[in-house]
Amino acid sequence: MILHTPDLTIALQRIEVGEIWGIGRRLAPKLHEIGIKTVWDLQTASPSQLRARFSVVMEKIIREINGTACIELEEINPPKKQIVSSRSFGIPVSDLASLEESVSLYISRAAEKLRRQQSYAGSVHVSIRTSPFNEKEPYYANGMTIALPRQTDDTRLLTKVALWGLRKIYRSGYKYQKAGVMLSELVSRQYRQMDLFGSISIADNAFSLYFQVRKQNQRQRECAILLSFVIIKV
């Protein structure tokens with residue numbers, strides 16, 4: 001329990017409750033409604049009652065300002081479940097090379113955020129679209145989600161996957177206005193699934209094998225469709 005001096009009490013009575021980290025503008029108005037307007041008001045409030053009204057984090061905040069350390073930083077700023085990086089182009093682009101350059105940049109930014117929150121991604125989504133408002137040009141929009149063979153935060157591997165998906169959905173003859181990527185199925189580094197791919201070189205081989213299998217499956221589907229067409233024709 002913190003021992004208050006008269007000066008400290010006066011100071012706490014002057015500080016608006018919204019100034020507390022974890023309260024902010026979102027919760028401050030709700031606290032005002034029940035008469036809690038300053039840090040002093042919150043410090044002298046009942047932790048259990050405010051926990052029932054708000055959350056366990058609110059209870060911990062009260063206990064913190066009373067001198068009991070009990071809040072982990074991630075409780076206030078939890079890791080994101082998805083990381084999105086996208087942008088509209090000032091000038092529409094038509095060539096694949098320009099889109100690849102943009103998507104590579106977006107993946108780099110997303111991967112940086114991924115590592116910053118100590119997470120790995122389990123899937124990559126890439127999307128492109130033309131302007132929905134330009135009636136003079138044909139509209140096209142498409143996206144593709146690729147499940148990764150292993151969870152990773154490696155920019156190089158994520159870029160490889162994103163560009164593979166981009167090439168699958170790209171169509172020539174369109175003026176693209178926007179491209180974006182999204183990393184999802186995020187897991188904390190400490191909960192990452194164990195696998196056999198211990199090094200980057202082995203991981204590269206795993207990704208290469210993954211793409212080869214997908215390509216082979218695609219060829220088999222195309223052959224099956226062609227064969228069924230021939231049988232029907234005959």
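When both residues are 6+ apart or on different chains and their Cβ atoms are under 7 Å apart, which pairs have a first residue that lies in the stretch 54-69 and is among the small types (Gly, Ala, Ser), and a second that is at pLDDT below 80? Correct list of pairs: 67/1; 67/2. With respect to the conditions (1) at pLDDT 90 or above; (2) closer than 24 Å to residue 98 by Cβ; (3) out of contact with any strand residue (DSSP E or B) (no Cβ under 6 Å at 6 or more places or on another chain); (4) surrounded by 11 or more Cβ atoms within 10 Å (Cβ to Cβ), residue 211 lacks only one, and its number is (1). Criterion applied to 155, 130 was being surrounded by 14 or more Cβ atoms within 10 Å (Cβ to Cβ), in contact with a helix residue (DSSP H, G or I) (Cβ under 8 Å, 6 or more places away or on another chain) and of a type in the set (Val, Ile, Thr), and the one residue passing it is 155. Is it the case that the stretch 120-141 has a residue that's under 14 Å from residue 177 (Cβ atoms) and touching an Asp or Glu at 6+ places or on another chain (Cβ under 9 Å)? Yes, the stretch 120-141 contains a residue that is under 14 Å from residue 177 (Cβ atoms) and touching an Asp or Glu at 6+ places or on another chain (Cβ under 9 Å). In summary, residue 40 fulfils each of the numbered conditions (1) among the hydrophobic types (A, V, I, L, M, F, W, C); (2) in a helix (DSSP H, G or I); (3) modelled with pLDDT under 80 with the single exception of condition (3). The residues of the stretch 174-187 that are over 17 Å from residue 91 (Cβ atoms) and in a loop (DSSP other than H, G, I, E, B), listed by number, are 185, 186.
Sub-8 Å Cβ pairs linking a first residue in the stretch 112-134 that is closer than 21 Å to residue 158 by Cβ and of a type in the set (A, V, I, L, M) to a second residue that is surrounded by fewer than 16 Cβ atoms within 10 Å (Cβ to Cβ) and modelled with pLDDT under 90, at least 6 apart or interchain, number zero.
The values are calculated or read from the model by the stated rules, or taken from the named source; none is laboratory data. All values derive from a computational prediction rather than experimental measurement. Note that we place each Cβ from the backbone using ideal geometry, even for glycine, and neighbour counts take in every protein chain shown.
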